[in-house]
Amino acid sequence: MASFEEAGRYLRSGTKNLVNEVGREGKKQVWIIDESENENKGFLLATILQQKGDRFEVEMEDRTRRDVYIEDTEQMNPIKFDKSEDMAELTYLNEASVLHNLKQRYQSNLIYTYSGLFCVTINPYKVFPIYTDKVVQMYRGKKRCELPPHIYGITDQAYQQVLRSKYLLFVCLFVMYFN
């Protein structure tokens, strides 16, 4: 049986690793759409150098410079929101920021993330020690904000609501598959 200490690293991020973020804080950065021919399009990080009317001059991570329309950018959250456990707390709740947060958490083996009332799970197709009796007990009767995101937290809340209201509660599970 795995202990909570074993499971803990898959549930909550410890001290955030800011080594790769040196210099990010204090600079105005935005997300721009990746317009490359790459089939895995997404968003790219860009640092604003200056504003020229309705455009920004930005510097990309590879040090190249571009002019982009302001309306084609999305604001980036401050560094303190990296690996946020609940995306509803993000200052800028946009597509790029949500995808960035989910990617950061996934890369840190943090597969559960709240988004307001919902729990988003990205299946790593690996076995983590987060499905033990000890972890179930840890979530039993706790408020959602007391512990890291987990399906046990959602199911226990639903169960507690049924007990309080004496009505059946509908819980919906969506499963999405991406190639």
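The values are calculated or read from the model by the stated rules, or taken from the named source; none is laboratory data. Remember, predicted model here, so these are calculated numbers, not experimental data. All Cβ positions, even for glycine, are placed from backbone atoms using ideal geometry, and neighbour counts span all protein chains on display. For the accessible areas, the whole protein counts, side chains as well, though only heavy atoms, and no ligand, DNA or RNA atoms are used. Shrake-Rupley method; radii C 1.70, N 1.55, O 1.52, S 1.80 Å.
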Query raised in the report: If ALA96 satisfies every condition in (1) modelled with pLDDT of 95 or more; (2) out of contact with any helix residue (DSSP H, G or I) (no Cβ under 6 Å at 6 or more places or on another chain); (3) outside any strand (DSSP E or B); (4) closer than 28 Å to ASP156 by Cβ but one, which is the exception?
Result: (4)
Report task. Answer with yes or no whether ASP62 is loosely packed, with under 11 Cβ neighbours inside 10 Å, at negative phi and modelled with pLDDT under 95. Result -> yes
**Report entry** Failed item in (1) at pLDDT 90 or above; (2) touching a helix residue (DSSP H, G or I) at 6+ places or on another chain (Cβ under 8 Å); (3) surrounded by 13 or more Cβ atoms within 10 Å (Cβ to Cβ), with GLY141 passing the rest
**Finding:** (3)
**Report entry** Count of residues meeting criterion [loosely packed, with under 13 Cβ neighbours inside 10 Å and charged (D, E, K, R)] in the stretch 77-88
**Finding:** 1
Report summary line: Listed by first then second residue, the pairs whose first member lies in the stretch 5-20 and is farther than 14 Å from ILE111 by Cβ and part of a helix (DSSP H, G or I), whose partner is modelled with pLDDT of 80 or more and open to solvent by less than 80 Å² (accessible area, probe 1.4 Å), with beta carbons under 8 Å and at least 6 positions apart or on separate chains, are GLU6/PRO129
Query raised in the report: Is it the case that the stretch 27-37 has a residue that's modelled with pLDDT under 95, open to solvent by 90 Å² or more (accessible area, probe 1.4 Å), over 23 Å from the mean Cα position of the chain (by Cα) and among the charged types (D, E, K, R)?
Result: yes
Requested in this report: Pick out the one residue from LYS126, LYS134, LYS80 that is in a loop (DSSP other than H, G, I, E, B), modelled with pLDDT under 95 and either among the charged types (D, E, K, R) or under 16 Å from ASP34 (Cα atoms) (or both).
Outcome: LYS126
Query - Subset of the stretch 99-114 (residues that are open to solvent by 70 Å² or more (accessible area, probe 1.4 Å) and within 20 Å of GLY153 (Cβ to Cβ)) - result: TYR106
Query raised in the report: Filter the stretch 70-97 for residues that are among the hydrophobic types (A, V, I, L, M, F, W, C) and within 22 Å of GLU59 (Cα to Cα); which is farthest from the chain's Cα centre (by Cα)?
Result: ILE70
